Amino acid sequence: MTASTEHWQKIVRGCAEVISEQELKTKLEKSKPLRVKLGVDPTAPDLHLGHLVVLRKLRTFQELGHQIEFIIGDFTARIGDPSGQSATRPTLKPQEIWEHAKTYQDQVFRVLKKESTQVRFNSTWLNALGIQGLMELQYRFSLAQMLERADFAERFSAHKPISMIELVYPLLQGYDSVAIQADVELGGTDQKFNLLMGREMQIKYAQEPQVVMTMPLLEGLDGVRKMSKSYGNYVAFSDSAKDQFGKLMSVPDALMPKYFELLTDIEPSSIKSMHPREAKALLAKTITAQFHGDAAAEAEAEQFRRVFSDKETPDQVPEYKLKKSPVGLSDLLVEAGLAPSKNEARRLLLQGAVEVDGKRAGEKDSLSPQAPVLIQVGKRRFVRVMPA
């Protein structure tokens, strides 16, 4: 299992931090496959490209012969991960957790190989802990250690509530690593405290400590906040090929190198000579193909070329964000500045002068897009409409 230079570069590509590289190299030199862990709390129904960053890294480990331990946090989801939170999370109902967990199992194998993935639910061992076991976990750590966590420290200083159960959360996630004897654990940079807790917990249970690998958080389509369903700036695994391709075409130019590095095998340096629109089309096609196949991705790429290239769309198209959805096209044309009045908007629609993504629109049409759409009026007026 010794990692060659080429394999090592694949393992550490895009990583924010490895604690520690030397420990990981030592583990890789052993003659047995490593247990590589990822824990995900099923707090929302769909996985998105933010999750893909870490799942791709797990896939790399699989291709090098290692075993993936995919932990669905059905127990810890009842508490809610306090990472990065400025207030206590609301609790989820058991039925919600189970429904979300089912979609995770369905979606994760769009990236991972089933034969070398072990799916586990952490309620299996955390329910078995009982009160006595939980007390033993708490004995091993101090309140001062918990308050070293940045988000806890900030809330404590600001006199904001921190529930006792939130203080227990890192201990429970750390115990997951003990229960499965993890060799490596992956997570986002916002998970560093919890991942390091796993190391500490293993030491206290006389196990060899896991290596911690953190991956950068992926900014969403707004280019500012991390990708999240709650922000509406996400691309979901379950999105249609059309929506995936369309959403990825709206990625800000500045984020293109990061998206290529974290979501594809294409070197970011190879897109430097490309026009941003060409690079985005390559990104969109590559990712859409992963979830929907080459044929569907090529069909969406062709549609894009037809609308944007054959129509000679200008490079800089103004954007308009919907205030509500659905919205009638005549209202939208006025709101987006493409028509001075509703009467004029209706006239343009009746004359067939309005196209939506290259297709002629009618007077009674309305829009409720999940991805950006291009509206063209006549030959020279364009607006890219962004979902509400």
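Tabulated values for the structure
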read-out	value
Test: residue in region 106-114 that is over 24 Å from Pro45 (Cβ atoms) and either of a type outside the set (Lys, Arg) or open to solvent by 10 Å² or more (accessible area, probe 1.4 Å) (or both)	no
Residue pairs meeting the criteria (Cβ under 8 Å; at least 6 apart or on separate chains; first among the hydrophobic types (A, V, I, L, M, F, W, C), in region 186-208; second open to solvent by 50 Å² or more (accessible area, probe 1.4 Å))	Phe193/Glu148; Phe193/Ala150; Met201/Arg140
For Ala179: the one exception among (1) over 23 Å from Ser123 (Cβ atoms); (2) part of a helix (DSSP H, G or I); (3) open to solvent by 30 Å² or more (accessible area, probe 1.4 Å)	(1)
Selection status of Leu282, of a type in the set (A, V, I, L, M) and closer than 20 Å to Leu38 by Cβ	no
Evaluation of Arg306 against (1) modelled with pLDDT under 85; (2) more than 15 Å from Val383 (Cα to Cα); (3) open to solvent by less than 60 Å² (accessible area, probe 1.4 Å); (4) under 35 Å from the mean Cα position of the chain (by Cα) (one fails), failing number	(3)
Some residue of region 34-55 being free of Cβ contacts under 8 Å to residues at least 60 places away in the same chain, hydrophobic (A, V, I, L, M, F, W, C) and farther than 19 Å from Gln173 by Cβ	no
Qualifying residue in region 324-339 (condition: of a type in the set (A, V, I, L, M), open to solvent by 20 Å² or more (accessible area, probe 1.4 Å), at pLDDT 85 or above and in contact with a strand residue (DSSP E or B) (Cβ under 8 Å, 6 or more places away or on another chain))	yes
Odd one out for Ala206 among (1) in a helix (DSSP H, G or I); (2) surrounded by fewer than 18 Cβ atoms within 10 Å (Cβ to Cβ)	(1)
Boolean, Gly358 is under 22 Å from Asp239 (Cβ atoms), open to solvent by less than 80 Å² (accessible area, probe 1.4 Å) and modelled with pLDDT under 85	yes
Ala371 vs. criteria more than 20 Å from Val251 (Cα to Cα), of a type in the set (A, V, I, L, M, F, W, C), modelled with pLDDT under 85 and open to solvent by less than 70 Å² (accessible area, probe 1.4 Å)	no
Asp315, sole failed condition from (1) farther than 22 Å from Pro252 by Cα; (2) open to solvent by 80 Å² or more (accessible area, probe 1.4 Å); (3) modelled with pLDDT under 85	(1)
Condition check for Gln173: open to solvent by 10 Å² or more (accessible area, probe 1.4 Å) and within 25 Å of the chain's Cα centre (by Cα)	yes
Members of region 355-388 that are over 18 Å from Ser325 (Cβ atoms) and aliphatic (A, V, I, L, M)	Val377
Condition met for Glu6 (within 29 Å of Asn233 (Cβ to Cβ) and open to solvent by 60 Å² or more (accessible area, probe 1.4 Å))	no
Meets criteria (open to solvent by 60 Å² or more (accessible area, probe 1.4 Å) and in contact (Cβ under 8 Å) with a residue 24 or more places away in the chain) for Gln351	no
Out of Gly50, Gly39, Gly14, sole residue that is over 21 Å from Asp176 (Cα atoms) and buried (at least 21 other Cβ atoms within 10 Å of the Cβ)	Gly50
Among the candidates Glu185, Glu166, Glu148, residue that is farther than 25 Å from Glu208 by Cα and among the charged types (D, E, K, R)	Glu166
So Pro161, is it open to solvent by 10 Å² or more (accessible area, probe 1.4 Å) and at negative phi	yes
The listed residue being surrounded by 19 or more Cβ atoms within 10 Å (Cβ to Cβ) and at pLDDT below 95, out of Leu64, Leu126, Leu134	Leu126
Residue match in region 183-196 (condition: open to solvent by 30 Å² or more (accessible area, probe 1.4 Å), out of contact with any strand residue (DSSP E or B) (no Cβ under 7 Å at 6 or more places or on another chain), more than 17 Å from Ile71 (Cα to Cα) and not polar (S, T, N, Q))	yes
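Yes/no matrix, rows are residues, columns are (1) under 19 Å from Leu47 (Cα atoms); (2) at pLDDT below 95; (3) open to solvent by less than 20 Å² (accessible area, probe 1.4 Å); (4) not aliphatic (A, V, I, L, M):
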site: Val212; (1), (2), (3), (4): no, no, yes, no
site: Ser240; (1), (2), (3), (4): yes, yes, no, yes
site: Met256; (1), (2), (3), (4): no, yes, yes, no
site: His275; (1), (2), (3), (4): no, yes, no, yes
site: Thr288; (1), (2), (3), (4): yes, no, yes, yes
site: Ala295; (1), (2), (3), (4): no, no, no, no
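The values are calculated or read from the model by the stated rules, or taken from the named source; none is laboratory data. All values reported here derive from a predicted model rather than from experimental measurement. Neighbour counts run over all protein chains shown; Cβ positions are idealised from the backbone, glycine included. When the accessible area is computed, the model is the full protein with side chains, heavy atoms only, and any ligands, DNA or RNA have been set aside. Shrake-Rupley method; radii C 1.70, N 1.55, O 1.52, S 1.80 Å.
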